[in-house]
Amino acid sequence: MTSSPPAAARGRARRSRSDSRLGDSIFFNLSRGSGILLLVIMAAIAGFLAYRSGIALSKDEGNFLTTFEWNPDAPKPVFGIAVLAFGTIVSALIAMVIAVPVAVGIALFISHYAPRRIAQPFAYLVDLLAAVPSIVYGLWGVLFLVPHMDGLTAWMDQYLGWTYVFDQTQAGVTPRNLFTVGILLAIMVLPIITAVSREVFRQVPRMHEEAALALGATRWEMIRTAVLPFGRPGIISASMLGLGRALGETIAVAIVLSANSVLSLHVLDPGGGTFAQNIALKFNEAQPFGRDALMASGLVLFVITLLVNGAARLIIARRKEYSGANA
Amino acid sequence: MKLQRNGSKALAIGAMALVGSLSLAACGTDDNSTSSSGTSAAASGAAPAAQIACGKGGQLLGAGSTAQTNAVDVWKAAFGSACSGSTITYGGGGSGAGVQQFNQGKVAFAGSDSALKPAEVDASKQVCAGGQGINLPMVGGLISVVFNIDKVDKLVLDGPTIAKIFDSQITKWNDPAIAALNPGVALPDAPIQAIHRSDDSGTTANLTGYLAKASGGAWTYPASKTWAGKGGQSANGSAGVSAQVKQVKNSISYVELSYAQTNSLKSAAINTGASKPVDATAANAATTFSKAKIAGTGSDLALSLDYATKDEGAYPIVLVTYEIVCDKGNKADSLDTLKSFLTYTISDAGQQAIGAKGYVPLPKELASKVQAVIPTLA
Amino acid sequence: MSTATTIADSTPQLRRNLTTARLPKWAPAGVALLSIGLGCAVGAGAGLASHLQWGIIAAALFVVLSYALSARVEGRRQAKDRLATAVVWVAFILAVVPLVALTFYTVQQGLEVLDGNFLTHSMKNVISSGPGGGIYHALIGTLEQVLLATLIAAPIGLLTAVYLVEYGRGRLAKWVTFFVDVMTGVPSIVAGLFILSLWNIMLGFDYSGFSGSLALAILMMPVVVRSTEEMLKLVPNELREASYALGVPKWKTILRIVLPTAIGGITTGVMLAVARITGETAPVMMLVFGADAINGDPFNGPQQSLPLYIWQQYSMVNNDFGYARAWGAALVLIFFVMGLNLVARGIARWRSPKGGR
């Protein structure tokens, strides 16, 4: 870790091959070692989860996949993930549908639209949103966002109620529902997706952009033909990071959502639940067996994340050659 | 070596941060007794230092029930002010978590709102060399049924009505069953927003325990930490529930008395079958505690509470939190502090100190039984 | 960026003389004002209670009007461009609204208690349902825990990303990628529980700030790997090839060419990860235990952390004093991460190759 003056470094670059071989092998092994270490940690966690889940599943009296209620510490342990899986996926879906376009828009705004003087501080401000702890999001959500969602919810019920999904069946209840949770999660993942997309857009080869403009493209056409295709894998990766947070968010959801064990497609009705929220709510009072059951639900969340990520990897893999810039 | 220089820069910054935090350590202080806005326990007179017999000092770890967190908070402030050598840390992670931590030998005592189950007692024998875990009742509390209805300040309910409200069988405030209990009160023609705990909790267990005994069969579910009733909305923790009752008109829920007090929520009186409805006050709950029987054997003082009580002025929905310790085989290095801390908490001064915070001081007779056990801990 | 924008800006100038009519420069602003006015009018007229709806109406009007107006005057292609610009601006506004609301709310609530006493005192011997006390112990705890977690996770994450992008071709790389993906979805409480079972129960260590750091490091790693990986992939191969052609060994190419080129993005990624773990409550709750007194030693004895402190003050104390302390701590936490972010950005800009963007 000694800093050497550039001249010396230049001199060293011309040194014998064996020297660089040694450096190469040290560096290679170091980075591979990190990869292996990471792998071991992750595998250990997965193994740990699988082990605990196995204990739980062997004693479940209900069907783990289709049961609605969560009552593993009852004399007859009955627990299932139907409601949790549904709630997790729906709320994360709502969050992504809102957050990804908006985040890409903001990232474009910062990288291509805003005057530099606005762009820099604004980029910084968006990053700041990532720094807000989830408990603050939760408190803000229940004290500020939920009351403000009242009108919007009633409105959606009135004009979009025919879609069934946006039909509100209970009158006069506070909108502590999956839809509000989705919006809150969207706000929470926005900075993550924005930050990564923004960095990706900044790396777009200038040549591509200028070539497009030189051909008479409008700014939008330039973005559509040069920026977005280049940034697509990055956007997907960023979205996956955001999705990871949306799926695993605990405290904010636990504070905002009026959880119950009813599976309802009416996303404006209070109710439902998510994996992480359920773990947080049930963990404190859980008996050892109850904890195992919660681990099993954590494992399912693992699998869901994996499937989504796998799909994303497939999309990205189509343009595997990352030689970003054949400029 | 650009990056390596980066690396060393980062290291330097890390080092600076460390040094910074250490120098920060110099400017921060644990001493809250002299701060202008701070009210230290000793200054507020919660407990004169003379009444507290300090132990050898050191670190004492406890964990568990969140229902007693605020009581322990008061105690450790008073104890810490008197005994500067001792640091008591109570991690309120919930009763279930507390008991598990105790049985893993990670904490010296656990707070729990239910007595140890036989399996847990067996497990505790691993940690308590030559002994086992025992329950010492320490914090009395009551659960008030809180409501938020405009222009209604007094509300009387009974077991069956509460059960039906929380099970969505009674859905309007002007339902004949409620009106019959509240003659002369103008109840609104509005849907009832029943709010229950979304997390598992001892509070729910005690309420449903009451409903199972005193609702005349209207509550068809067993007593459980997990909410089983139909319909209604839910919120996380007593704090979340209180916030919802405050926010939502025509709502009803159940929280510990301290939460009802700090959030200025209106509590319903309970018609137990006594000559007049019983208000949710600490004094009325103390009456119930004085009738409680001890279910434990030996030094184990687990209580059995009579939810179906019909005594005059006895509030039926009460809860007690135990401190769970080893009768023999406590950790040697913290045993002394543990004993002196528990001696203080069950003393008159200790019990009175939490009485002002929405808890129920245990009746003298019961307290003296606990006081007799503490010196025998080893 | 600046060049690209100037070109974009100057293109219309060129066209104005050659081709069809253009909207005047003030047109977008005018449309915006008009739609805000209309939005408010419709909102007030229809008696919509929620201002959210007013805003949504105004935003929709803005997008539609911009497009319609431009389509009439300038033609379809320009109209599409206007549409995109309008949508991007709306996205910007959409982000600003919650940002401002949240920041304003936190600052408003938090400033009540924020003073020197609050910053330099712990909660030892303070009855939390009363006034007084501070966050000093929590601040120290968070600082040390996050620092330790970053020291563990950032190098491992960086090196792993380097491995995946620069070396990884084989089965090992596939497995690492696979598990990193899985890890992004680990609920924080599971990470905490894993460390609890392994470190505290199996290996028998006591609760400490460090065991909290371990759990936080687990949460941090996948974010670092994933974002760094993405940034490294964007470094043009030509740079690498040019370096190899000059006879520079691979490791030195990575250290001196690839990483510095991507340093801005990497820093952003690491800071995102730091920001995420700094606000974590669940794993910290079961591992660092939440002490009231100052404990400067992260390896021994219970510590406190800011998010946990906020949680305790909100859910346990649950009165005005508790709320005030919770919001005060939240404000400090945000400032803390903000400052960290600023420092990291400064380093990144200072260190990144000049002459780029």
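Quick test for you: out of B:S299, B:S340, B:S334, B:S368, pick the one residue that is part of a helix (DSSP H, G or I), modelled with pLDDT under 90 and of a type in the set (G, A, S).
Numbers: B:S299 fails: part of a helix (DSSP H, G or I); B:S340 fails: modelled with pLDDT under 90; B:S368 fails: modelled with pLDDT under 90.
Just a single option satisfies the conditions, and that option is B:S334.
Please verify whether C:V190 is under 30 Å from A:A293 (Cα atoms) and at the interface with chain A (Cβ under 10 Å from one of its Cβ atoms), treating the condition exactly as stated. Reasoning before the result, please.
Numbers: under 30 Å from A:A293 (Cα atoms): yes; at the interface with chain A (Cβ under 10 Å from one of its Cβ atoms): yes.
Yes: the conditions hold for C:V190.
For the range B:55-96, how many residues are open to solvent by 10 Å² or more (accessible area, probe 1.4 Å) and aliphatic (A, V, I, L, M)?
4
Just wondering, is there one or more residues in the range C:106-113 that are at pLDDT below 85 and either in contact with a strand residue (DSSP E or B) (Cβ under 9 Å, 6 or more places away or on another chain) or over 19 Å from A:A131 (Cβ atoms) (or both)?
Initially, the range C:106-113 is screened for residues at pLDDT below 85, giving C:112-113.
Narrowing further to those that are either in contact with a strand residue (DSSP E or B) (Cβ under 9 Å, 6 or more places away or on another chain) or over 19 Å from A:A131 (Cβ atoms) (or both): C:112-113.
Yes - at least one qualifying residue is present in the range C:106-113.
Of the conditions (1) over 17 Å from the mean Cα position of the chain (by Cα); (2) more than 30 Å from C:M285 (Cα to Cα); (3) open to solvent by less than 10 Å² (accessible area, probe 1.4 Å), A:I279 satisfies every one except a single condition; which number is it?
In the conditions (1) over 17 Å from the mean Cα position of the chain (by Cα); (2) more than 30 Å from C:M285 (Cα to Cα); (3) open to solvent by less than 10 Å² (accessible area, probe 1.4 Å), A:I279 misses (2) alone.
Tell me which residues, restricted to the range C:188-197, are open to solvent by less than 10 Å² (accessible area, probe 1.4 Å) and without any contact (Cβ under 8 Å) to a residue 24 or more places away in the chain.
The answer is C:V190, and nothing else.
Looking at (1) more than 9 Å from chain C (Cβ to nearest Cβ); (2) modelled with pLDDT of 85 or more; (3) surrounded by fewer than 21 Cβ atoms within 10 Å (Cβ to Cβ), can you tell me which one A:P101 breaks?
(1)
When the residues of the range C:253-263 are narrowed to those that are at the interface with chain A (Cβ under 9 Å from one of its Cβ atoms) and under 21 Å from A:L37 (Cβ atoms), which ends up surrounded by the fewest Cβ atoms within 10 Å (Cβ to Cβ)?
Checked the range C:253-263; the qualifying residue surrounded by the fewest Cβ atoms within 10 Å (Cβ to Cβ) is C:L255.
Restricting to the range B:211-251, name every residue that is farther than 28 Å from B:T309 by Cβ and among the hydrophobic types (A, V, I, L, M, F, W, C).
If the condition is that a residue be farther than 28 Å from B:T309 by Cβ and among the hydrophobic types (A, V, I, L, M, F, W, C), then B:A235, B:A239, B:A243, B:V248 are the ones that fit.
Give the range C:129-162 a look and list any residue that's within 7 Å of another protein chain (Cβ to nearest Cβ) and either under 25 Å from the mean Cα position of the chain (by Cα) or open to solvent by less than 10 Å² (accessible area, probe 1.4 Å) (or both), or say none. Talk me through it step by step, then tell me what you get.
Initially, the range C:129-162 is screened for residues within 7 Å of another protein chain (Cβ to nearest Cβ), giving C:129-133, C:136, C:140, C:143-144, C:147, C:151, C:156, C:159-160, C:162.
Scanning the range C:129-162 gives C:G133, C:Y136, C:I140, C:L143, C:E144, C:L147, C:L151, C:I156, C:L159, C:T160, C:V162.
Please specify each residue of the range C:198-213 satisfying the condition of being surrounded by 20 or more Cβ atoms within 10 Å (Cβ to Cβ) and not in a loop (DSSP other than H, G, I, E, B).
C:N200, C:G209, C:F210, C:S211, C:G212, C:S213
Might you let me know whether the range B:203-213 holds any residue that is surrounded by fewer than 24 Cβ atoms within 10 Å (Cβ to Cβ) and in contact with a His (Cβ under 8 Å, 6 or more places away or on another chain)?
For the range B:203-213, residues surrounded by fewer than 24 Cβ atoms within 10 Å (Cβ to Cβ) and in contact with a His (Cβ under 8 Å, 6 or more places away or on another chain): present.
Within the range B:100-151, track down each residue that is crowded, with 24+ Cβ neighbours inside 10 Å, among the β-branched types (V, I, T) and assigned to a loop (DSSP other than H, G, I, E, B).
B:V107
What number of residues within the range B:345-365 satisfy the criterion of being open to solvent by 10 Å² or more (accessible area, probe 1.4 Å) and assigned to a helix (DSSP H, G or I)?
Within the range B:345-365, the first condition is being open to solvent by 10 Å² or more (accessible area, probe 1.4 Å), and the residues that meet it are B:347-349, B:352-353, B:355-357, B:359, B:361-365.
Filter again for assigned to a helix (DSSP H, G or I), leaving B:348-349, B:352-353, B:355, B:364-365.
Within the range B:345-365, residues that are open to solvent by 10 Å² or more (accessible area, probe 1.4 Å) and assigned to a helix (DSSP H, G or I) number 7.
Can you tell me how many residues in the range A:148-177 are open to solvent by less than 20 Å² (accessible area, probe 1.4 Å), within 19 Å of B:Q247 (Cα to Cα) and in a helix (DSSP H, G or I)?
Of the residues in the range A:148-177, 4 are open to solvent by less than 20 Å² (accessible area, probe 1.4 Å), within 19 Å of B:Q247 (Cα to Cα) and in a helix (DSSP H, G or I).
Given the criterion buried (at least 20 other Cβ atoms within 10 Å of the Cβ), in a loop (DSSP other than H, G, I, E, B) and at pLDDT below 95, identify the matching residue among B:G229, B:G216. Even if it seems obvious, please write down each step before you answer.
Working: B:G216 fails: buried (at least 20 other Cβ atoms within 10 Å of the Cβ).
Matching residue, one of B:G229, B:G216: B:G229.
Output the qualifying pairs, or none if there are none: Cβ atoms under 6 angstrom, residues six or more apart or on different chains, first residue in the range A:132-160 and more than 7 Å from chain C (Cβ to nearest Cβ), second residue of a type in the set (F, W, Y).
Filtered contacts from the range A:132-160: A:M156/A:F166; A:L160/A:F166.
Taking the conditions exactly as written (part of a helix (DSSP H, G or I) and crowded, with 24+ Cβ neighbours inside 10 Å), does C:P283 satisfy them or not?
Working: part of a helix (DSSP H, G or I): yes; crowded, with 24+ Cβ neighbours inside 10 Å: yes.
Answer is yes for this residue.
Looking at the range B:248-271, can you tell me whether even one residue there is surrounded by fewer than 24 Cβ atoms within 10 Å (Cβ to Cβ), touching a Gly at 6+ places or on another chain (Cβ under 7 Å) and in a loop (DSSP other than H, G, I, E, B)?
No, that holds for no residue.
Name the single residue that is surrounded by the most Cβ atoms within 10 Å (Cβ to Cβ) among those in the range A:219-235 being charged (D, E, K, R) and farther than 17 Å from C:G265 by Cα. Write out each step before concluding.
Taking the range A:219-235 first, the residues charged (D, E, K, R) are A:219, A:221, A:224, A:232.
Checking the rest, the ones that are also farther than 17 Å from C:G265 by Cα come to A:219, A:221, A:224.
Details: A:R219: 26, A:E221: 17, A:R224: 16.
The extreme case among them is A:R219.
For A:Y164, indicate whether it is under 30 Å from B:G232 (Cα atoms), more than 8 Å from every other protein chain (Cβ to nearest Cβ) and free of Cβ contacts under 8 Å to residues at least 12 places away in the same chain.
Values: under 30 Å from B:G232 (Cα atoms): yes; more than 8 Å from every other protein chain (Cβ to nearest Cβ): yes; free of Cβ contacts under 8 Å to residues at least 12 places away in the same chain: no.
Judged against the criteria, A:Y164 is not a match.
So, in the range C:225-252, exactly how many residues are assigned to a helix (DSSP H, G or I) and either in contact with a Gly (Cβ under 8 Å, 6 or more places away or on another chain) or crowded, with 21+ Cβ neighbours inside 10 Å (or both)?
Looking only at the range C:225-252, we keep the residues that are assigned to a helix (DSSP H, G or I), and these are C:225-233, C:237-245, C:250-252.
Then drop every residue that is not either in contact with a Gly (Cβ under 8 Å, 6 or more places away or on another chain) or crowded, with 21+ Cβ neighbours inside 10 Å (or both), which leaves C:225-233, C:237, C:251-252.
Number satisfying all stated conditions: 12.
State whether the residues of the range C:311-321 include one that is facing chain A (nearest Cβ under 9 Å), in contact with a Leu (Cβ under 8 Å, 6 or more places away or on another chain) and open to solvent by 10 Å² or more (accessible area, probe 1.4 Å).
Yes - at least one qualifying residue is present in the range C:311-321.
Does B:A186 satisfy being away from every other protein chain (no Cβ under 14 Å), closer than 16 Å to B:A268 by Cα and either open to solvent by less than 10 Å² (accessible area, probe 1.4 Å) or assigned to a strand (DSSP E or B) (or both)? Full working, then the answer.
On the way: away from every other protein chain (no Cβ under 14 Å): yes; closer than 16 Å to B:A268 by Cα: yes; either open to solvent by less than 10 Å² (accessible area, probe 1.4 Å) or assigned to a strand (DSSP E or B) (or both): no.
No: the conditions fail for B:A186.
When the residues of the range A:113-123 are filtered to those that are part of a helix (DSSP H, G or I) and more than 7 Å from chain C (Cβ to nearest Cβ), which remaining residue is surrounded by the fewest Cβ atoms within 10 Å (Cβ to Cβ)?
Top of the filtered list is A:R117.
The values are calculated or read from the model by the stated rules, or taken from the named source; none is laboratory data. Note that this is a predicted model, so its numbers are computed, not measured. All Cβ positions, even for glycine, are placed from backbone atoms using ideal geometry, and neighbour counts span all protein chains on display. Keep in mind that these areas ignore ligands, DNA and RNA; they rest on the heavy atoms of the full protein, side chains included. Shrake-Rupley method; radii C 1.70, N 1.55, O 1.52, S 1.80 Å.
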